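Right, one structure below, let's go through it.
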Amino acid sequence: MPIAVHTTRAGGPEVLTAVDVPRPAPGPGELLVEVAAVGVNFIETYQRSGVYPVEHPFVPGSEASGTVVELGPGVEDFAVGDRVATTEGTGTYAEYTVLSAEKALRVPDGVPLDVAGALPLQGMTAHYLVNSSYAVQAGDTALCYAGAGGVGLLLIQLLKLKGATVITTTSTPGKAALARAAGADHVLDYDDVPHRVRELTGGRGVDVVYDGIGKDTFEHSLDALRIRGTLVLFGGASGQVPPFDLQQLNAHGSLTVTRPKLNDFLLDAEERAWRSGELFSLVAEGRLDVRIGGRFPLADAGLAHTELESRRTTGKLVLEPSAAGQDG
Ligand code: NDP
């Protein structure tokens, strides 16, 4: 029997357990996909630990790539053997997953399936951050944290393609080297960030801050912005930001703060095709590097979560159902 990884209660990485499951059947408008790579994302750690409540038993995962092995009734746009990916799946921590054909992304030639499983969620996040949450212009200066992280490495590259100056932070020299290789102009540690940003910007502050760290960095983000700058708070790797006094936006210089999430930037087929199409083209043209920082057998999903939460990882972690060492 194929396996999936599920939780029966909230808790640490040990609650992620591999279990035998029947091979699912695609319903109307759905595709059955044999999974090649599952993207591991921070949100699954929030769901696993109970920060975002879920109903158990719960199979995590919204991102995956693979090959279509069966079509549900009424599917006309795909064929068995097509290579697909998604960020909008459910229960993708599995050897087989069922996807809505409407939300499946066709993986073009020139994009390997492991990259297609690693890129879409963090890539489309970086894409909406630079195009839609704040429309970056050539000449802008942006601050983004965790420059060697999954979103961070992609964000730096997309910001540079837009002609922005990029200031980033990392916690180790090895991560700093990766952020620089991705194109970051200035790589800082986390000490005294607002002051150092002022020095780098002639006292002005940055046009935009992309903050996925949350609790530990939010105040610094406000302090690093120029008058009328924009803070895009897109995550809480260090914990969620506590309730906030809106008067602070006035005091810091008429700032704008937004707290976006990916699904609201994939509203229809056109938006999905725009974002994924640009990203896949950049990869196929060799203009966007997708760093897979760790590969794990599906049954070792707990280990992948431990690594992600440990702050030791770089780039994207993926689970590979066909990898050696698989249980079941
Ligand atoms: P990363 O690969 O960036 O991993 C998190 C990084 O954050 C760490 O490697 C670390 O980098 C840094 N960090 C700083 N403080 C902490 C801490 N206390 N604990 C752990 N990490 C810390 O993860 P992702 O790229 O997967 O996600 C980045 C953020 O983006 C997350 O907050 C995630 O929730 C968010 N996200 C939001 C989306 C949205 O649409 N809103 C969609 C996708 C992701 P360093 O050591 O260099 O500081």
Mind checking which pairs have a first residue in the stretch 306-320 that is closer than 15 Å to Pro120 by Cα and assigned by TED's automatic domain parsing to the domain that holds Tyr93 and a second that is within 7 Å of the ligand (Cβ to nearest atom) and not in a helix (DSSP H, G or I), Cβ under 8 Å, 6 or more apart or different chains? Gly315/Ala148; Gly315/Gly149
Does any residue of the stretch 31-53 turn out to be touching a strand residue (DSSP E or B) at 6+ places or on another chain (Cβ under 7 Å) and on the phi > 0 side of the Ramachandran plot? no
For the stretch 57-81, what are the residues that are at positive phi, surrounded by fewer than 18 Cβ atoms within 10 Å (Cβ to Cβ) and either under 28 Å from the mean Cα position of the chain (by Cα) or among the charged types (D, E, K, R) (or both)? Gly81
For the stretch 251-258, indicate whether the set of residues that are in contact with a strand residue (DSSP E or B) (Cβ under 7 Å, 6 or more places away or on another chain), in a loop (DSSP other than H, G, I, E, B), within 14 Å of the ligand (Cβ to nearest atom) and closer than 29 Å to Arg198 by Cα is non-empty. no
Can you tell which of Phe280, Phe244, Phe218 is in the same structural domain as Tyr134 (by TED's automatic domain parsing) and either of a type in the set (Asp, Glu) or away from the ligand (no atom under 16 Å from the Cβ) (or both)? Phe244
Only one of Val193, Val166 is touching a residue at least 24 places away in the same chain (Cβ under 8 Å), in the same structural domain as Thr258 (by TED's automatic domain parsing) and either more than 13 Å from the ligand (Cβ to nearest atom) or under 27 Å from Gly286 (Cα atoms) (or both); which? Val166
So which strands (runs of 3 or more DSSP E) stay within the stretch 138-205 end to end and still have 1 or more residues that are buried (at least 24 other Cβ atoms within 10 Å of the Cβ)? 141-144, 165-169
For Gly66, state whether it is assigned by TED's automatic domain parsing to the domain that holds Leu233, closer than 19 Å to Val40 by Cα and at pLDDT 95 or above. no
Looking at Leu288, is it buried (at least 19 other Cβ atoms within 10 Å of the Cβ), within 16 Å of the ligand (Cβ to nearest atom) and at pLDDT 95 or above? yes
Given (1) within 16 Å of the ligand (Cβ to nearest atom); (2) out of contact with any Cys (no Cβ under 6 Å at 6 or more places or on another chain); (3) more than 19 Å from Thr313 (Cα to Cα), identify the lone condition not met by Leu161. (1)
Residue among Val209, Val290 that alone is in a strand (DSSP E or B) and under 20 Å from Leu155 (Cβ atoms): Val209
With the structure loaded, tell me whether Thr92 is under 18 Å from the mean Cα position of the chain (by Cα) and of a type in the set (Val, Ile, Thr) or whether it fails that test. yes
Suppose we filter the stretch 293-328 for residues that are away from the ligand (no atom under 16 Å from the Cβ), charged (D, E, K, R) and in a strand (DSSP E or B); how many remain? 1
Among the residues of the stretch 108-147, what is the count of those that are of a type in the set (A, V, I, L, M, F, W, C) and closer than 16 Å to Asp211 by Cβ? 8
Can you tell me which residue among Ala148, Ala224 is more than 28 Å from Pro120 (Cα to Cα), of a type outside the set (Phe, Trp, Tyr) and in contact with a Leu (Cβ under 7 Å, 6 or more places away or on another chain)? Ala224
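The values are calculated or read from the model by the stated rules, or taken from the named source; none is laboratory data. Note that the structure is predicted; figures quoted are calculated from it, not measured. Cβ atoms come from the backbone with ideal geometry, glycine included; neighbour counts cover every protein chain shown.
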